[in-house]
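S.K.: First, the structure itself, so that you have it in front of you.
The values are calculated or read from the model by the stated rules, or taken from the named source; none is laboratory data. Because the structure is predicted, anything quoted here is derived from the model rather than measured. As a convention, Cβ positions derive from the backbone with ideal geometry for all residues, glycine included, and neighbour counts pool all protein chains shown. For accessibility, only protein heavy atoms count, side chains too; no ligands or nucleic acids. Shrake-Rupley method; radii C 1.70, N 1.55, O 1.52, S 1.80 Å.
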Amino acid sequence: MPAEENADLIRQLHGALLSERSVDVLDRFFAEGFVSHDNPPGFPPGVDGVKQFFATFRDAFPDAAVTIDELLVDGDRVAVATTLTGTHEGELMGVAPTGRSVSVTGIDIVRIEHGRIVEHRGLTDTVGLMRQLSGA
């Protein structure tokens, strides 16, 4: 796929997740056999882990919005820096809802084959998130 199509796929993924807010959206974007190198502890491998991660954040921040801060493409790889903002209204990683507004950054690098995401590496600023939830 041309680089711009790979970039568009990532933009479409973020748009669909925010508009539909359903884990089923992910089936349209991820390939069978998808591999994530950075699943959080306790999350299943593959697309099921991505679905659980998305559902966890969706339920904790029902008003979540994601901004794509930067998007870079190099052939079959797309790097995207994002900022999630939302209000903590549901349990998250053992933390009861605080009602606090948060802003959390993340960076994801995905590899795309035949219009589907086949591999992922990423990092979310969970330390910054937990500080915001604690009021520190």
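S.K.: What pairs can you find where one residue is in the range 49-66 and closer than 11 Å to V23 by Cα and at pLDDT below 95, the other is of a type in the set (S, T, N, Q) and open to solvent by less than 40 Å² (accessible area, probe 1.4 Å), and their Cβ atoms are less than 7 Å apart, with a gap of 6+ or different chains?
M.R.: Going by the 7 Å Cβ cut-off, the qualifying pairs are G49/S36; V50/S36.
S.K.: I would also like to ask the following. Looking only at the range 28-52, how many residues end up being open to solvent by 30 Å² or more (accessible area, probe 1.4 Å) and either of a type in the set (G, A, S) or assigned to a strand (DSSP E or B) (or both)?
M.R.: Adding up the residues that qualify gives 4.
S.K.: Residues in the range 93-104: is at least one of a type in the set (S, T, Y) and either in contact with a helix residue (DSSP H, G or I) (Cβ under 7 Å, 6 or more places away or on another chain) or assigned to a helix (DSSP H, G or I) (or both)?
M.R.: Scanning the range 93-104, I find at least one residue that is of a type in the set (S, T, Y) and either in contact with a helix residue (DSSP H, G or I) (Cβ under 7 Å, 6 or more places away or on another chain) or assigned to a helix (DSSP H, G or I) (or both), so the answer is yes.
S.K.: Name the one entry in T82, T98, T56, T67 that is polar (S, T, N, Q) and over 22 Å from D24 (Cα atoms).
M.R.: T98
S.K.: Could I ask something else about it? Of the numbered conditions (1) surrounded by 14 or more Cβ atoms within 10 Å (Cβ to Cβ); (2) not in a strand (DSSP E or B), E119 fails exactly one; give the number of that condition.
M.R.: Failing condition for E119: (2).
S.K.: Considering only residues that are in contact with an Asp or Glu (Cβ under 7 Å, 6 or more places away or on another chain) and either among the aromatic types (F, W, Y) or not in a strand (DSSP E or B) (or both), which ones fall in the range 65-84?
M.R.: D76
S.K.: When the residues of the range 1-27 are narrowed to those that are charged (D, E, K, R) and within 18 Å of I109 (Cα to Cα), which ends up surrounded by the most Cβ atoms within 10 Å (Cβ to Cβ)?
M.R.: Result: D8.
S.K.: Which is out of contact with any Asp or Glu (no Cβ under 8 Å at 6 or more places or on another chain), open to solvent by 30 Å² or more (accessible area, probe 1.4 Å), β-branched (V, I, T) and within 15 Å of G135 (Cα to Cα), of V102, V95?
M.R.: When all the criteria are applied, what remains is V95.
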